[in-house]
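The structure under discussion appears below in the form of structure tokens.
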Amino acid sequence: MSFPSINPTKTQAWKQLEQFAKSPKKLQDLFAQEPSRAAEYSILWEEFFVDFSKNHIDADTLKALFALAKEVKLDDARKAYFGGAVINQTENRSVLHTALRASKKTSIRVDDQNVVPEVYAVRQQIKEFCSRIIDGSQTSATGQAFTDVVNIGIGGSDLGPAMITEALGYYKNHLNVHFISNVDGDHVMEVLKKLTPATTLFVVVSKTFTTQETLSNATTAKKWLTAALGDTAVAKHFVAVSTNLTAIKSFGIEPENVFPMNDWVGGRFSLWSAVGLSIALAVGPDHFEALLDGARQMDNHFAQAPLEENIPVVLALLTVWYTTFLGAQSEAIIPYTQYLHQLPAYLQQGIMESNGKSVDRNGKAVTYQTGNIVWGAPGTNAQHAFFQLMHQGTKLIPAHFIGFAQSLHGNKEHHDKLMANFFAQTEALMSGKTEAQVREELSAKGLSGDSLEKLVPFKIFTGNKPTTTLLIEKLTPKTLGALVAMYEHKIFVEGVVWNIFSYDQWGVELGKQLASVILDEMDASSSVKHDSSTTQLLARYKS
Ligand code: G6Q
């Protein structure tokens, strides 16, 4: 199973796309010329309806994008990804978050061993543990049922569990789940001040168990607990998720309270593993399993659907088109549900840590644009915040609009209003408002002459702003699992086309190294040589 490494700029399709990018067509014209455009540029899959017709593409562009995917051997790459090949070559690892939700019958081999039975053993361990905590049969040091769970982790050991727990708030049980991530001592203290030691369970999540933030927060939480309940309480109140059993032991967590994870799962793709323990505690193991089922369905879709009907492939190729050929710097993610409030932040890590790379898989600097900036916030709130720039600013911002046909609490009146906005915004971004329409509107309001003329330019909307609409039946654990997996595979496809390594994150190392040097200087009289700005700032902090 080879993982291809093809310079995309040398493909035929790349050259074609460069040509097409020179004469972009207006969306309004494309819609006028192609009566069946909406139906042709849509994919219906399970509970997902993806309408990508409001994008700057025509049949030729799309054909060239699919040809590009073929020329960079996406098919071989996909097989290597699912089959457990070492595609994270700079860390010498397989990338197997898909194995965490594979069906029991599958065999996926790492170092000549099928990893699936181990995955199911951990899932069973999660199921049994969560059931005991939820039904109160596993109690605290004082014999009480737990009421609160605190997930201590950062980055991939925090963002996924936090995002999903909030997203599945509707399906939650009585346990209150909290998240501590930042090394900012005020964060840990703000969370702890609301809690009672006797009924609080800590889940320390750290793949390496060496992360400064997580170990500092876990140590502070341990002190808070033992001050109230004594040292022996740790065994009942702390569990850990990690690959580093030695470090967990020296922290004082009992081996039976450890949920293992594997080095073939990257932090930002790990919510499907025991890293998702807080999710399973919050919504119960059955909902957690449904989340995994949804992701598996999307895996199967991505692995099997032809490129033209393959949602992650189409979305990734659109991103490549905008980022690399049309010069877009960013992509907005606008979920029309408050439950997905944290989705943009979660995807920021997934996308920007994975594809924020400037060296190709041959170790050479790339000569084209790669990973884009991802940002966003839920609609309709976002409409009252940054949509002005999307409608009338100077930037090209392709946006994903994610909405649900059904709301969870009923409340049809609200949902109709929400969804009216959802549909209206993509229509407005695409169609805009012409000068003639503005004039007509202003005259109808009684304006004329100079006062009308002065206002006209400010009231025009050029339109032609690209959006992709994901209309999903309902926000359930299953559809959420599929949605997150969809973005995971989109990241993969982009990395393959850009010929970069998506699964390392060396870019986060330098700051960590320098922070450790500076931390050593905090209490010392002597200081290391820094640039004059850093020296000045440190002197001010220490004074
Ligand atoms: C994600 C990254 C990173 C990681 C954190 C936490 O892909 O690897 O965000 O998840 O640095 O690491 P630990 O889980 O090892 O504490």
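The values are calculated or read from the model by the stated rules, or taken from the named source; none is laboratory data. This is a predicted model, so every value here is computed, not measured. Cβ placement follows ideal geometry from the backbone for every residue including glycine, while neighbour counts extend to all protein chains displayed. Accessible surface areas use protein heavy atoms only, side chains included; no ligands, DNA or RNA. Shrake-Rupley method; radii C 1.70, N 1.55, O 1.52, S 1.80 Å.
Tabulated data for the structure shown
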| item | result |
| --- | --- |
| Some residue of the range 36-45 being assigned to a loop (DSSP other than H, G, I, E, B), within 25 Å of Ile402 (Cα to Cα), touching a residue at least 12 places away in the same chain (Cβ under 8 Å) and not charged (D, E, K, R) | yes |
| Residue match in the range 194-201 (condition: under 28 Å from the mean Cα position of the chain (by Cα), open to solvent by less than 10 Å² (accessible area, probe 1.4 Å) and within 16 Å of the ligand (Cβ to nearest atom)) | no |
| Which listed residue is more than 30 Å from Leu281 (Cβ to Cβ), within 16 Å of the ligand (Cβ to nearest atom) and open to solvent by less than 10 Å² (accessible area, probe 1.4 Å), from Gly495, Gly511 | Gly495 |
| Residue within the range 66-75 that is over 22 Å from Ala21 (Cα atoms) and crowded, with 19+ Cβ neighbours inside 10 Å present | yes |
| Test result for His174, within 20 Å of the chain's Cα centre (by Cα), more than 16 Å from the ligand (Cβ to nearest atom), more than 23 Å from Leu245 (Cα to Cα) and not in a helix (DSSP H, G or I) | no |
| Residue count, the range 368-413 (criterion: open to solvent by 20 Å² or more (accessible area, probe 1.4 Å) and hydrophobic (A, V, I, L, M, F, W, C)) | 9 |
| Residue identified as out of contact with any Lys or Arg (no Cβ under 7 Å at 6 or more places or on another chain), β-branched (Val, Ile, Thr), surrounded by 15 or more Cβ atoms within 10 Å (Cβ to Cβ) and assigned to a loop (DSSP other than H, G, I, E, B) among Val95, Val150, Val86, Val50 | Val95 |
| In the range 207-230, residue farthest from the chain's Cα centre (by Cα) [restricted to those that are surrounded by fewer than 16 Cβ atoms within 10 Å (Cβ to Cβ) and away from the ligand (no atom under 12 Å from the Cβ)] | Gly230 |
| Ala290, sole failed condition from (1) farther than 30 Å from Thr380 by Cβ; (2) away from the ligand (no atom under 16 Å from the Cβ); (3) modelled with pLDDT of 95 or more | (1) |
| Flag if Ser137 is polar (S, T, N, Q), open to solvent by 20 Å² or more (accessible area, probe 1.4 Å) and either assigned to a helix (DSSP H, G or I) or in contact with a strand residue (DSSP E or B) (Cβ under 9 Å, 6 or more places away or on another chain) (or both) | no |
| One residue from Val283, Val265, Val234, Val204 being under 20 Å from Ala145 (Cα atoms), open to solvent by less than 50 Å² (accessible area, probe 1.4 Å) and within 16 Å of the ligand (Cβ to nearest atom) | Val204 |
| Within the range 6-47, considering residues that are within 19 Å of Thr426 (Cβ to Cβ) and open to solvent by less than 20 Å² (accessible area, probe 1.4 Å), the one farthest from the chain's Cα centre (by Cα) | Leu30 |
| The lone exception for Gly327 - which of (1) assigned to a helix (DSSP H, G or I); (2) in contact with a Leu (Cβ under 9 Å, 6 or more places away or on another chain) it fails | (1) |
| Inter-residue pairs, beta-carbon under 7 Å, first within 29 Å of His97 (Cβ to Cβ) and in the range 138-164, second open to solvent by 10 Å² or more (accessible area, probe 1.4 Å) and of a type in the set (Asp, Glu), 6+ apart | Asn151/Asp158; Ile154/Glu213 |
| Output for the range 237-290, where each listed residue is of a type in the set (Phe, Trp, Tyr) and not in a loop (DSSP other than H, G, I, E, B) | Phe238, Phe251, Phe259, Phe269, Phe288 |
| Subset of the range 134-171 (residues that are hydrophobic (A, V, I, L, M, F, W, C), touching an Asp or Glu at 6+ places or on another chain (Cβ under 9 Å) and within 13 Å of the ligand (Cβ to nearest atom)) | Ile152, Ile154 |
| Within the range 98-123, considering residues that are at pLDDT 95 or above and assigned to a loop (DSSP other than H, G, I, E, B), the one nearest to Arg296 (Cα to Cα) | Ala102 |
| Unmet requirement for Met189, which otherwise passes all of (1) more than 16 Å from the ligand (Cβ to nearest atom); (2) part of a loop (DSSP other than H, G, I, E, B); (3) aliphatic (A, V, I, L, M); (4) over 21 Å from Thr139 (Cβ atoms) | (2) |
